[in-house]
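Since the structure comes first, as structure tokens, the remarks are kept for the end.
Computed from the coordinates by the stated procedures, all read-outs in this text should not be read as laboratory data. Computed from a predicted structure; not experimentally measured.
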Amino acid sequence: MTEQLDLSKYQNKKLIAFDLYGTCIDHTFKDIILSKELLQIMKTNPISLQDIQDKKIEKDWIQIHLDNEFIENIKKDIESTFLFPETLETLKYLKSKWYLTAVVSNLSKDYANPLHRLIPQWNFDYEILSFDVWAAKPDPKIYEYLKSLSWINFKDIVMIWDSLKADIIWSHNVWITPIHLNRNEEWIKNMNKKWVDFIQISTLTDLKEIL
């Protein structure tokens, strides 16, 4: 970040919230496709793909057959998950500045496993995972859950997420201060940002210049 920016709105914040995939961690096999119906079910219910395959869920909407190959591909994808190199350093820095931290993410129960495998326990003070709270972004309920759990008002929260449409716009709409993480620096420089007031960064390390 070399441009001079007005950072005043980022001062005196209390809670720094992060998306998980694409922001703190990432995965290799991004071409695995789930139907919209299945994806919505998995994101907003505390069930695993194996539960569905084994028919352990007694719900009318579970009429989906999952073959073994599909399950194995999901397992390989989860095993491929890796940590961005600056993630732990950034979380440690924020802790040293006495910020509270949270992870707020749309994901299924299966994809929550790498969170605790890659990021040591207690690095996040709050975990708001869609399958746990039965609501997925951009549903305002997921933001309200963060507010009620942390007892921190939206105006005192900063959110760092990689999706402009699903994250930045909607957090901005509930008066949470957004930061857009985009590691494609050329796109950052050329993008017209006038329609939403937010800062873009290319790595989590840039937060040290803002917070």
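For THR177, the residues whose amide H sits under 5 Å from its own are ILE157, MET159, ignoring neighbours fewer than 5 places away on the same chain, with H placed 1.01 Å from N. Cross-link check: pairs LYS76/LYS155; LYS14/LYS137; LYS36/LYS75; LYS75/LYS155 evaluated at a Cα-Cα cut-off of 29 Å; pairs beyond the cut-off: LYS76/LYS155; LYS75/LYS155. Taking amide H as placed 1.01 Å from N in the peptide plane, ILE201 has its amide H under 5 Å from the amide H of HIS180, LEU181, ASN182, each at least 5 places away in sequence or on another chain.
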